[in-house]
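Taking it in order: structure first as structure tokens, then the write-up.
The values are calculated or read from the model by the stated rules, or taken from the named source; none is laboratory data. Since the structure is predicted, the reported quantities are computational estimates derived from the model, not experimental observations. FYI the Cβ positions are ideal-geometry reconstructions off the backbone, even for glycines, and counts take in every protein chain you see.
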Amino acid sequence: MEYAGTDVLELASQQALAYLMGLPERPVGATATPKQLRSLLGGPLPARGIPATETMGLLEQAAEAGGVVASSGPRYFGFVVGGTHPVSIAADWLVSAWDQNSGVHELGPAVAVAEQITAEWLVDLFGLPKGTSVGFPTGCAMAHVVALASARHHVLAKAGWDVEHDGLQGAPEVHIVVGAQRHLTIDLALRYLGFGTSRVIVVPSDSQGRMRVGELRKRIAKLDGPIVVCAQIGDVNTGAIDPLDKICDIAHEREAWVHVDGAFGMWAAASPKLRRLVPGLDRADSWASDAHKWLNVPYDCGLVFVAHAEAHSSAMLNQRAGYLPNAAAEKRDPIEWVTDFSRRARSLPVWATLRTLGREGIAEQIDRCCLLARRFAGRLREVPGVEVLNKVALNQVMVRFGDDDELTREVIKRLQESGQCWFGGTMWNGRAAMRISVASWQTTADDVDATVSVIQQAFSEARAAS
Ligand SMILES: *Cc1c(COP(=O)(O)O)cnc(C)c1O
């Protein structure tokens with residue numbers, strides 16, 4: 001049988017392969033201007049369409065014009081993005097080809113069951129309590145929303161308030177306690193959930209960005225009523241890990257809910273070597289993480305875990321529509337654990353990647369990235385004038401060039417323009433710094449060494465020019 005899309009799918013596969021093969025060589029940063037891209041991709045919507053292969057040709061041109069960031073390549077060290085394992089891309093293609101509406105088991109049994117298996121594997125891999133419920137939202141930001149909605153349900157139910165039914169107006173006040181170095185997405189989730197951002201109680205951090213537990217104790221002692229504490233493992237700048245064991249001691253004494261932002265830091269628990277860095281991880285009440293960062297699957301895939309499945313499911317789909325099939329115990333409906341209704345099978349690439357790497361392969365990838373981050377720090381410390389600002393806890397390094405914000409920014413700019421690697425800037429304790437994040441399966445020790453030479457050169461040129 002002829003399929004009408006054979007030519008365009010074959011073309012897409014060739015384009016994808018050409019892109020992936022050329023990834024290590026292509027300029028890392030994007031160079032195309034919005035104007036160039038508009039002239040390639042824009043114009044008014046034509047009345048009559050064009051052949052699909054021509055449409056794909058336009059995308060190829062956009063990539064060739066420098067409109068694509070080689071962020072899944074080996075020398076992208078900006079933010080914490082991570083690459084994509086080949087099998088995760090392959091599974092992602094099938095997700096589109098199968099086009100399952102994977103919210104409900106009945107609409108896609110294979111992807112629903114694969115998601116359930118993936119959920120069980122992840123609970124086991126991270127050492128979370130038995131019975132922990134799992135959802136696959138679009139990213140860690142939405143994982144916070146799901147987890148904190150579950151927290152809101154739980155602490156208010158204990159105070160005799162049904163938040164799903166009666167809303168927040170007139171409810172007992174929920175005290176939200178956060179660390180000073182929390183990620184912006186915690187604030188966003190709090191906003192979406194009606195907690196506001198100005199009422200949060202902020203616990204100061206230490207020099208590495210870890211929550212100071214003595215300060216947490218003092219602040220919690222003054223509170224009355226329901227409490228939710230947001231901790232973090234893996235600060236985006238330093239990689240620092242909050243002392244979860246102590247945080248859980250203090251919070252649970254007051255029956256507070258402990259939520260953990262482990263967008264990338266959670267993956268330390270998947271490595272037998274690094275697991276000791278996250279003691280007390282299993283004692284929290286909810287966890288938000290990402291598969292699309294350190295596991296290296298395509299966007300969009302976050303992970304949310306809740307130790308109180310009932311709170312999780314109550315906060316999400318607690319009233320099933322009449323036309324939805326009833327969930328039997330052995331038929332897990334993905335819809336019950338996230339905010340989406342219709343959705344793609346975003347857990348399938350996770351299933352495929354975990355299955356392909358295995359426990360050892362996953363641990364090896366996490367260990368290697370951390371080792372390479374330490375290699376970066378070690379090499380850069382040897383360069384006169386370069387200061388490494390953090391203790392390298394995981395895969396994050398922060399460096400500064402000379403004692404000068406401008407010089408540091410200039411080095412970053414030169415590196416971004418070099419096309420050979422990509423780093424972003426940040427402010428740390430009031431000083432400009434360059435962030436290094438190692439999160440791709442493709443990055444090797446040679447990439448690190450070659451990049452350190454590029455950094456050295458950019459530094460000396462920037463210094464000469466200043
Ligand atoms: C990336 C990140 C987030 C947000 O995750 P998304 O997947 O981008 O929504 C939250 N917290 C931390 C610590 C992060 O690094």
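For region 160-214, how many residues are closer than 28 Å to Arg431 by Cβ and of a type outside the set (Val, Ile, Thr)?
The total comes to 19.
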remark   = Scanning region 252-269 for residues that are in a helix (DSSP H, G or I) and within 16 Å of the ligand (Cβ to nearest atom) gives Gly265, Met266, Trp267, Ala268, Ala269
task = List every residue pair whose Cβ atoms sit under 7 Å apart, with the two residues 6 or more apart in sequence or on different chains, where the first one lies in region 177-190 and is surrounded by fewer than 21 Cβ atoms within 10 Å (Cβ to Cβ) and the second, anywhere, is at pLDDT below 95 and part of a loop (DSSP other than H, G, I, E, B).
result = Asp187/Thr197
key: Verdict on Lys273 being away from the ligand (no atom under 16 Å from the Cβ) and either under 23 Å from the mean Cα position of the chain (by Cα) or crowded, with 23+ Cβ neighbours inside 10 Å (or both)   = yes
message = For the condition within 14 Å of the ligand (Cβ to nearest atom) and among the small types (Gly, Ala, Ser), what is the one hit in Gly225, Gly209, Gly194, Gly214?
response = Gly209
key: Test result for Leu223, surrounded by fewer than 17 Cβ atoms within 10 Å (Cβ to Cβ) and either farther than 29 Å from Gly83 by Cβ or assigned by TED's automatic domain parsing to the domain that holds Ser150 (or both)   = yes
Filter result (exposed (fewer than 12 other Cβ atoms within 10 Å of the Cβ) and in contact with a Ser or Thr (Cβ under 8 Å, 6 or more places away or on another chain)) within region 191-208 = none
query = Can you tell which of Val87, Val155, Val111, Val104 is touching a residue at least 24 places away in the same chain (Cβ under 8 Å), in contact with an Asp or Glu (Cβ under 9 Å, 6 or more places away or on another chain), under 17 Å from Arg346 (Cα atoms) and not polar (S, T, N, Q)?
reply = Val104
Candidate set from region 411-466 (those that are in a helix (DSSP H, G or I) and hydroxyl-bearing (Ser, Thr, Tyr)); member that is surrounded by the most Cβ atoms within 10 Å (Cβ to Cβ) = Thr451
